[in-house]
1. Could you pull out the residue among B:GLU221, B:GLU242, B:GLU236, B:GLU254 that is buried (at least 18 other Cβ atoms within 10 Å of the Cβ), in a helix (DSSP H, G or I) and charged (D, E, K, R)?
2. A:ALA222 - would you say it is within 14 Å of chain B (Cβ to nearest Cβ), crowded, with 23+ Cβ neighbours inside 10 Å, in a helix (DSSP H, G or I) and not β-branched (Val, Ile, Thr)?
3. Residues that are more than 32 Å from the chain's Cα centre (by Cα) and either farther than 17 Å from A:ALA209 by Cβ or of a type in the set (Lys, Arg) (or both): does the stretch B:86-105 have at least one?
4. With respect to A:ALA207, determine if the residue is touching a Gly at 6+ places or on another chain (Cβ under 7 Å) and either part of a helix (DSSP H, G or I) or among the polar types (S, T, N, Q) (or both).
5. Return a yes/no flag: does the stretch A:61-72 have any residue that is polar (S, T, N, Q), surrounded by fewer than 16 Cβ atoms within 10 Å (Cβ to Cβ) and under 18 Å from A:PHE24 (Cβ atoms).
6. Considering only residues of the stretch A:181-195 that are farther than 13 Å from A:VAL218 by Cβ, touching a helix residue (DSSP H, G or I) at 6+ places or on another chain (Cβ under 6 Å) and of a type in the set (Gly, Ala, Ser), which is farthest from the other protein chains (Cβ to nearest Cβ)?
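The values are calculated or read from the model by the stated rules, or taken from the named source; none is laboratory data. Values in this document were obtained by computation on a predicted structure and should not be read as measured data. Note: ideal-geometry Cβ built from the backbone for every residue, glycine included; neighbour counts use all protein chains shown.
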Amino acid sequence: MTRFWTIKFLRTILTLWFVVTFAFVVLRTSGDPVVALIGADALPAEIEQFRRQWGLDQPLFVQYLRYVGQMALGEFGTSLRDQRPVIDIIMERLPATLALGLVAYGAALVIGIPAGIAAALRRGRTLDRAIMAFAVFGFALPNFFLGILLILFFSLFLQILPSSGSGTLAHLVMPAITLGTFTAGTLARFTRSAMLEVLDRPYMRAAAAKGVPAWKRVLFHALPNAAIPIVTVIGLNLGQLIAGAIVVETVFGWPGIGRLLVQAVSSRDLAVVQALVLVIAATMVLANLLVDLLYGLLDPRIRGGAR
Amino acid sequence: MTEPLLDIRDLRVPLPPGADRPLAVDGLDLTLEKGEILCIVGETGSGKSLSAFATMGLLPPNLPKPTGEIRFEGRDLLRLSPAERRRLTGRRLAMVFQEPIAVLNPVYRVGEQVAEVFRLHTDMKDAQIRRRVIELFGEVRLPDPEQIVRAYPHQLSGGQCQRVMIATALALDPALLIADEPTTALDVTTQARILKLMLDLRRTHDTGILFITHDFGVVAEIADRVGVMRHGRLVEIGTAEEVLTRPKADYTRELLDAVPRLEPRERRTDFGDVALSARNVSKTFRTRTLFGKLRETRAVDRVDLSISRGETVGLVGESGSGKSTLAQCVIRLERPDEGALSIAGSDFTDLEGATLRTARQRVQIVFQDPYAALDPRQSAGDAVAEGPIIHGVSRRDARARARDLLAAVGLDASAAERFPHEFSGGQRQRICIARALAVEPDLLIADESVSALDVSVQAQILDLLASMQKRLRFGMLFITHDLRVASRICDRITVMRGGRIIEEGPPAELFANPREAYTRELLAAVPGREGHLYTDPARNEST
């Protein structure tokens, strides 16, 4: 087991290292970073001084090593725009994104999974078709479009919800719905097919032959066996937590990491962009690590070792 | 006179509209006494399993409600409310199923799965339940009960899983046990042990057992009375002795006659050149456990085997004996670690890439499950023509040849255009045979090719293989766990165990004087061996 987790951990580090290197290469090949960082109209003396100050006069290899070293220590540098450490800026914005993400994903779980189970149990009937119609609607509708529709309806027409900003629970409602709808739809769809896969397995009939009531058969005999694909989808979507928030936060002016990224890109604040790319990659990798861990907990055959 | 334990009167189980017949079970009447074993025999589609499911209340929800009466302990099961019924299910009536590994839930420990019955139907304390489960595991003779309660299903063998299932069924000492083909998926020696266990349990608990099977050998071993079903109706019912030796119905006679027996086929010697020669073939699997321990399994261990054209060699062994791995080495799905293979005189051991693909037409295989072996989106004609086309025959010729072959395996002219779902299991196996023979192989491997088929169909497919062999003169490696089937078709039988061939010889000699203890054990485990089943007089004269 230790060996298993050591390998998983090393792989995680390796993936993050790839991402960091990739970010470095892209930034160095997309033009002179100095010009990008302080602007093309800077004086040659200023440029030279900046170069020395940030070690950009060193050979590329040294720059790379220093850069990787800084990333490993969590030193993401200083934002060009407001001259504050990047890490501070990110930490300031992270809670808003986490709050939005957790509410949206929590709701998606609570709605998507039971809806998928219900659809599977009523396969081919009206309830199934209705749920699947909503699910397709959920993941077919682009986030920005759903967001705009919600603003039109609740803010402009009904005037009961604020169209942008944060601070109260009312502010959270529409962004959370917009972000969660896609995940709820995907989850419902995957839960349904995973449940259909297990519902006619022989052990379900055996459970009925023991006299297990129907609801217990569904919750305790079918669901744990259907959980693997469901958990995979949850993991993939959770990894998108920050990436997915980009559009939603922009539409609703939600002061989170997604909007920070958009602002940083448009103002060419490369230190911030760099750090955020790493943060997004890290959430993706961690979500997948979590999924692997859950696989082992859910299925004794994957836990292995004790064969 | 007291009421029988189970009294089924005029049971009708309707099928959904659009099925091939309106009633799956059509007016079934039967009774079962306490402590009696009643075997229900029938082929696929006879309605025997649905009768059992109706009794247990396990009919699939898409079927219309059954009618008639199923009287059990003074009540009509069909008229109980779902809640009343559930209180009986698992407690007074219990059931064991065909696929022992698949009926256990893979995510729970087996002890927990037995304990569930006590939790549902009694208010026993956890510690008490634990003790009872361990006792039960001892009673069904699972080794080391204290350890096994903590095992997961995938850690146990098929036989052990079936014992767990039997323990579950017997947990609350039910009056009626329904067993639906409980030994069909098991090895013969395991089957013999499970049958003995059921006989013991009947004696000690006085349980009435409704035993569903397609195997008359099994019937001869355990039945007190036998009912034969066909197309949802009871064709014949009587004591085991009557039905097995003096059957009244023609259908029963046909079924009994199709049962393969341990009767060696007559000796043939007119074989051709060598089709397969395997020398000293070994295959070891190395797997690393999660702890990094290296585990080696020597699946095939220095095997020598040779088959001539026109000859059929049986490869008999239980699961895990290495017979399938050997077959995979022969068709080079696996590469042997050591040894040399040659097919029709040319080396087959080290071929790779394009040369291997070309050489593959010389050896073909027919698998066990005709449902999984055909692409559902490919017509029968295309399936048969595909191989020759790949190996360079023109489309026109391949199609024409496919039609000839489909006719030769006994399918009608329209078969080429039809898709697999339009055929029965036996017909699909015919398509698989035509497909294998289309590329004119020197060697045909039949890997349990008749095991999944009904006895009457089984007999037809065996005859088909023999007649095609006479015509096309291929060598055949016939892999089976069933000595009765092997005896009927094989010129030579090799017995495999632990990756090695431990005994080899013509069936007549092998059955008369088995040298190895294991061969004797296999022979002794063949069900229905002692019983004297009815045989068609005409058949006796011809042999």
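1. Values: B:GLU242 fails: buried (at least 18 other Cβ atoms within 10 Å of the Cβ); B:GLU236 fails: in a helix (DSSP H, G or I); B:GLU254 fails: buried (at least 18 other Cβ atoms within 10 Å of the Cβ).
Of B:GLU221, B:GLU242, B:GLU236, B:GLU254, the one residue that is buried (at least 18 other Cβ atoms within 10 Å of the Cβ), in a helix (DSSP H, G or I) and charged (D, E, K, R) is B:GLU221.
2. yes
3. Checked against the condition, which is being more than 32 Å from the chain's Cα centre (by Cα) and either farther than 17 Å from A:ALA209 by Cβ or of a type in the set (Lys, Arg) (or both), the stretch B:86-105 yields at least one hit.
4. On the way: touching a Gly at 6+ places or on another chain (Cβ under 7 Å): no; either part of a helix (DSSP H, G or I) or among the polar types (S, T, N, Q) (or both): yes.
No, not satisfied.
5. There is at least one residue in the stretch A:61-72 that is polar (S, T, N, Q), surrounded by fewer than 16 Cβ atoms within 10 Å (Cβ to Cβ) and under 18 Å from A:PHE24 (Cβ atoms).
6. A:GLY185
So that you can scan it fast, the table gives a plain yes or no per residue for (1) under 14 Å from A:ALA96 (Cβ atoms); (2) more than 18 Å from the chain's Cα centre (by Cα); (3) not in a helix (DSSP H, G or I):
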site	(1), (2), (3)
A:GLU249	yes, no, no
A:LEU260	yes, no, no
A:VAL273	no, no, no
A:ALA282	no, no, no
A:VAL285	no, no, no
A:LEU290	no, no, no
A:LEU294	no, no, no
A:LEU297	no, yes, no
A:ILE302	no, yes, no
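Okay, residues lined up against (1) at positive phi; (2) at pLDDT 90 or above; (3) in contact with a Pro (Cβ under 8 Å, 6 or more places away or on another chain); (4) buried (at least 20 other Cβ atoms within 10 Å of the Cβ):
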| residue | (1), (2), (3), (4) |
| --- | --- |
| B:ALA151 | no, yes, no, no |
| B:CYS161 | no, yes, yes, yes |
| B:THR168 | no, yes, no, yes |
| B:PRO174 | no, yes, no, yes |
| B:LEU177 | no, yes, no, yes |
| B:ASP180 | no, yes, no, yes |
| B:LEU186 | no, no, yes, yes |
